[in-house]
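Taken together, the values in this text are just the output of simple stated rules run on the coordinates, not laboratory data. Owing to the predicted nature of the structure, the values given are computational and were not obtained by experimental measurement. Neighbour counts are summed over all protein chains in view; Cβ atoms, including those assigned to glycine, are modelled from backbone coordinates with ideal geometry.
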Amino acid sequence: MARTFDSIIVGGDPDALVAAIRLAQRGSRVLLVEANAELGGAFREIEFAPGFRAAPLAHDVGHLSLDIIGLLGARPEAQPVSDPAVISLSHDAPLLLRSSIAETAAGLSAFSQYDSQNWPAFAERMTQLAGFLAELYRMPAPRIDFDTAKEVIGLAGLGRKFRALGRTGMIELLRTLPMALGDLLDDWFESDRLKGTLAALGVMDVCQGPIAGGTAYTLLHRHVGAAPGVFSERLRLVGGPATLVSMLADKARAAGVTIETNAAATRVIVREGRVAGLALASGEEIAARTVVSSLDPYRSLLELLDPVHLDPELMHAVRHIRFRGVATKILVALDALPPVPGVSAPPTGAVLIAPSVRHVERAYDATKYGRGSEEPFIEVRFPSVAEPRLAPAGKHVAVVHVQFTPYTLREGRWDRIREKIIADRAFAIIERHVPGFTARVSARAVLSPATLAARFGLREGALSQGELMLDQILFMRPVPQLSRYATPIPGYFLCGAGMHPGPGIVGQSGLLASRAALAG
Amino acid sequence: MTQAWDVIVIGGGHNGLVNAAYLARAGKKVLVLERRHILGGAAVSEQIFPGFTFSVFSYVVSLLRPEIIRELELPKHGLHILPLESTVTPLPNGDYLAAWGDSDLTRREIYRHSPHDADAYAEFGRLMYHMARAVKPLLGMIPPDPTALGIGDLRGMLRLGGYLRSLGAERFQQLYKLMTMSSADYLDEWFEFGPLKATKSASGIIGTFMGPRSPGSAYVLLHHYMGEIDGAFRAWGFCKGGNGTVSQAIASAARAFGATLRTEAPVKQVLVKNGRASGVVLESGEEIAAPVVVSGLDARRTYLELVESKELPDELLTQVRRFRFRGSSGKVNLALAELPDFTCLPGIGPWHKGAFSISPSVDYLERAYDDAKYGSFSRKPYMDIVFPSMIDPNMAPPGQHVASIFVQYAPYQIDGGWTDAKREAFGDAVIDTLSEYAPNLKSAIIGRQVLTPADIERTVGLSEGNIFQGELALQQLFFLRPAARWASYRTPIRGYYQCGSSSHPGGGVMGAAGRLAALRILADH
């Protein structure tokens, strides 16, 4: 082994960068290796047609906790919340979710007076519950077999925050977490369109329909860090998600981290029962006493490690982590923006086609039988409206999210033909709602879950790196034995979206994993 | 108002009767008021066709708490439970999958389909046994309220936390998985043979508006694993004379302790004076006074029908209005000239003494659920079929038989509402589906009774026909059943209590809610 570092970070996403920064700041000599040519992980942009770029998996950077902002040293420059945040289309008038609660409520009265009245209280309640999750997400997941004084103090702190919700807040939190989103929405609203819109936003990237238990939680999880009443976006940075990646990369280099791209890890080297280094695809072996992987837990455990180091029970558990990517992304080059019903200004928010809870649920049903949905729900965003650099002058980019299209097909496999069928179907649906869309298309790239898996290294094409359902969160994420970021191999640690607190809480697992690594 | 009662129990279902028996045993003067002409609620045996006796609604016993059987000495009062010997799942290819009373036989049978599953089966059974044991103390406790600030609740929470901690991390995590996962996903971690997974996951959907792939169904699976007769877990049984005998035995015990049981005495309202229960008024106008009134009815009736809403805090009313029932199952009772002859196991054999499960695959169950999700009954439903006359020949004339078919899904909320025509179409779907596996069935039918959730609601009063008096979903369990703060069998009206399975620990012919409510009342008075 020619080269030696104290720590090696596998992966180039924000979690990996945060872990690298923290370790380097504590005096560790850190190497970060990224398999791709560019850093960023799921934030990466790709040029899908000459002059047209888009980040297919990130329209925002999710939630940055106070800890991560502290680490960055400054709050990155943010775009204002999109207004409207959501334009929900159906055969009749568009429904708009605005950045202002009052304006949304006013607009809802055209659909239902009842919903209009309930919107402010609903928005407030969801903000309150998501606020509790935000606190919960700042520390390692509480566990039943706590044994250190620090954990007891952490639990007591959490208990105080729980109490601070007040009686009704406490009841609502406990009641809401396991609920089906459809039921939660029925408690508050009556308009199919409003419920369908929120249902679609809640089950994004989850292989469940909105009437399945646990989907109220996924809506809340995605609401952590969002503005009150906004369920479709969180922090959008000037310059796009790439801004955060370059800020973190700069910070890492400044802290002394060596960053190498096009460097794929193939194996964590274990000697005498502990980490001794990392082998790369190039054949190089680099010595280090600590390795932190931000790849998904399946790859980190079952592909990077020789199975002799793992007990069969743990391997069994890791093998049964559910990933289940369900979304196809279509990147579209547009000669011009099509006129979107309901708005006059070019939209920066989401255009959503999900007319009812039943529609979203039916779209999900197909996945149970291993098929893509005939009538998927669709979200379209135009990132070039806020970031003109993504397209040649005057032209635009659309990112289309199509759900449900399961990674695992019962018959056949994902290929060009299937991707074409899904995209044609999606375009036909968009054309019905946004007339003139297809005529403006000059190029498109279809990224099925299988393609996403291949290009972004996401197992089963799942952005979550482990489905965000109740049995795979908190102390169960990714599996109980690994929920503390440490693995059974001393010196080997995990971070990334597959770890608590999960996707969209950017950098936090990197921070928590670095703490575990520093503690030994 | 002539007679002085200590307690009036509204509803002579099994929980009401258990409650009355415990209170009478402690020396209280107890009056039970039942709307129908027979006691038992959903646990009744009735002659629907001359000579044919049916367990009309609930039809097997297993969840009845052993401490109740013991403390009320129910065997002395005629309770006689006979074990259910087997479960056979006919398969579309003409084969079958069976689980027998004899575990070696079962192992060999499963081995025939999958050697891997034969090994996993025993281990799975052990895990479920331990999990059921881990949950048992929770079923026997009055749930503490984590949102309350009282000393009692805090102490209760600490005790609960201590108990969960004492299970150890691994058991606790297994329990958590069972509480949150879908039964199909959970079983995927154990088994590979489709029909085995389907038949097991079917117990996760019974009585719920969920499919086997719906998160939360694994808990219902466990709930059904808690079946326990005489301390033996996972023992399901028939009651000699049908499930009405369970009710009769409890009623007889209650009478022996001095309780008075009145039938055809529908209660119109609970009388409340200055925030205190003072008695009840019957539909007939008769008023009966008592300082303690206990409702064995479900939460909707207990709070929204029996008392005026001005007596209750808004917070509770909101929670009760949001408490979900959504009955999803129906029942078909058949009088038969001969037993159905199953093509997968021809002839009449010991398998007729057990259950038949129509659950060939998880997809089959999910498709059945899909129909219900969108407002119709399942065209190809899940069914659990037993022939009680094979165990207790007195239930049918000599040589003839009764079949009890539990069917899912039959949603209460069906598009356009239930009509007579729809009920018969539902019955036809059941018979047609079953005939595919037993072709002689149609010609053997002498009489057929079809019960939809709407019929169940009308006949025995269970709201929306939900057999558990409210869905067994996570947000409706433990300290949230039926409502936070009021999960301790008390209500905001002093002297007014609830003892039905809308309260912790929920449904099944279990009796636990009736018993715990009695203990609460005795502690309060």
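State which entries of A:395/A:420; A:161/A:329; B:310/B:331 exceed 29 angstrom in Cα-Cα distance in the structure shown. Show your work: numbers first, answer last.
On the way: A:395/A:420 23 Å; A:161/A:329 39 Å; B:310/B:331 38 Å.
As for pairs spanning more than 29 Å Cα to Cα, those are A:161/A:329; B:310/B:331.
Rounded to the nearest 10 degrees, the angle from helix B:420-435 to the longest Cα principal axis of chain B is 40 degrees.
Determine the relative contact order of chain B: mean sequence separation of Cα pairs under 8 Å and six or more apart, normalised by residue count, in whole percent. Mind dumping the intermediate values first?
Details: 1214 pairs, mean separation 125.0, N = 525.
Taking the mean separation of contacting Cα pairs over the length of chain B, I get 24 percent.
By the count of other C-beta atoms within 10 Å, a proxy for reagent exposure, B:376, B:203, A:294 are ordered fewest to most as B:376, B:203, A:294.
Ranking A:301, A:31, B:254 by how far each Cα lies toward the positive end of the dipole of the protein assembly as shown (charges on Cβ) leaves A:31 at the top. Listed from fewest to most Cβ neighbours within 10 Å, the set B:496, B:364, B:176 follows the order B:176, B:364, B:496. Only one residue of B:181, B:50, B:211 has its Cα farthest out toward the positive end of the dipole of chain B, where Lys and Arg carry +1 and Asp and Glu -1 on Cβ, and that residue is B:181.
Semi-axes of the equivalent ellipsoid for the stretch A:399-520, please: Cα gyration tensor eigenvalues, times 5, square-rooted, ordered largest first, whole Å. List each step's numbers first, then the result.
Working: eigenvalues 284, 47, 32 Å².
Those come to 38, 15, 13 Å.
Among the listed pairs B:200/B:380; B:268/B:422; B:177/B:197, which are separated by more than 25 Å between their Cα atoms? Exceeds cut-off: B:268/B:422.
Can you give me the relative contact order of chain A as a percent, contacts being Cα pairs under 8 Å and 6 or more apart?
In percent, rounded to a whole number, it is 24.
Considering only beta bridges that DSSP places wholly inside the protein assembly as shown, some 70 percent are antiparallel.
Among B:344, B:499, A:207, sorting on how many other beta-carbon atoms sit within 10 Å of each Cβ, with the fewest leading, yields B:344, A:207, B:499. Beta-bridge orientation, chain B: approximately 75 percent antiparallel, per DSSP, counting only bridges with both partners inside. Which one of A:196, A:262, A:84 is farthest out on the positive end of the charge dipole of chain A, using unit charges on Cβ (Lys, Arg +1; Asp, Glu -1) and the Cα centre as origin? Positive-end residue among those listed: A:262.
Computed from Cα atoms, the angle from the helix B:115-139 axis to the main principal axis of chain B rounds to 10 degrees.
The H on the amide N of residue B:97, modeled in the peptide plane, is under 5 Å from the matching H of B:89, B:91, each at least 5 residues off or on a different chain. Listed by chain and number, the aspartates and glutamates whose C-alpha is less than 14 Å from the C-alpha of residue B:29, apart from same-chain residues fewer than 8 away, are B:6.
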